1. Return yes when Phe96 is free of Cβ contacts under 8 Å to residues at least 40 places away in the same chain, assigned to a strand (DSSP E or B) and out of contact with any His (no Cβ under 7 Å at 6 or more places or on another chain) and no when it is not.
2. If I filter the range 119-156 down to residues being modelled with pLDDT under 95, open to solvent by less than 80 Å² (accessible area, probe 1.4 Å) and assigned to a loop (DSSP other than H, G, I, E, B), which single residue comes out as nearest to Val169 (Cα to Cα)?
3. Restricting the range 77-87 to residues that are open to solvent by 50 Å² or more (accessible area, probe 1.4 Å) and assigned to a strand (DSSP E or B), which is farthest from Thr25 (Cα to Cα)?
4. Look through Tyr112, Tyr179 and report the one residue that is in contact (Cβ under 8 Å) with a residue 24 or more places away in the chain and open to solvent by 50 Å² or more (accessible area, probe 1.4 Å).
5. May I ask you to verify whether Glu174 is acidic (Asp, Glu), open to solvent by 80 Å² or more (accessible area, probe 1.4 Å) and more than 20 Å from the chain's Cα centre (by Cα)?
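The values are calculated or read from the model by the stated rules, or taken from the named source; none is laboratory data. Owing to the predicted nature of the structure, the values given are computational and were not obtained by experimental measurement. Reconstructed Cβ throughout: ideal geometry from the backbone, glycine too, with neighbour counts over all protein chains shown. All accessible areas refer to the heavy atoms of the entire protein, side chains included, with ligands and DNA or RNA removed. Shrake-Rupley method; radii C 1.70, N 1.55, O 1.52, S 1.80 Å.
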Amino acid sequence: MRKLWIAICALSMIACKEEAKNYVTFSGKIIDKNSDSIVLRTQTYSKTIKVNQDGTFSDTLKVDAGIYNFYDGGESSNLYLQNGYDLNMTLDTKMFDETIAYSGIGDKTNNYLAKKALMEETLFPPSLFDFEEADFKKNITEINKKRAEFLEQNKDIEPSLYTTEKEDVDGFEEKMLGYFV
């Protein structure tokens, strides 16, 4: 009897174990929508998702983990998708970058990307490449310091994205100096 009870308990634990999803659920609501559809794309992937009259949308996607471009017919933003995410996005197109927000599984990583884009809009002065070399270097160093601080405040993002972002920060100054001629 005892062995039967142990076997039943073991089977119930196995049956209750949730399998990892091999897809992403992506849904949301867009206020003042620009189009009747949105597009998610990379260089090798493109998916058009219908946006309902009330601005809501939802789809299930099988993806390779990585950065995807989200385009609503007027503006675009980057987001990170990987199978297993259950991600919900909200945005008001009148203030696209200021209002884009995510909830659900994958929200921390995607809110990081949204806030990073908003932050970087203010970091780069329009006349950056008009500076003399010494001022250019000083500005680039200061910009990268802020980028590094922001990344460190968001260490809990998807580890593979954190690694990529860290490499970008570490190589940023040298890369930017290569543009200064």
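1. no
2. So the residue we want is Phe124.
3. So the residue we want is Asn78.
4. On inspection, the qualifying residue turns out to be Tyr179.
5. So Glu174 fits the description; yes.
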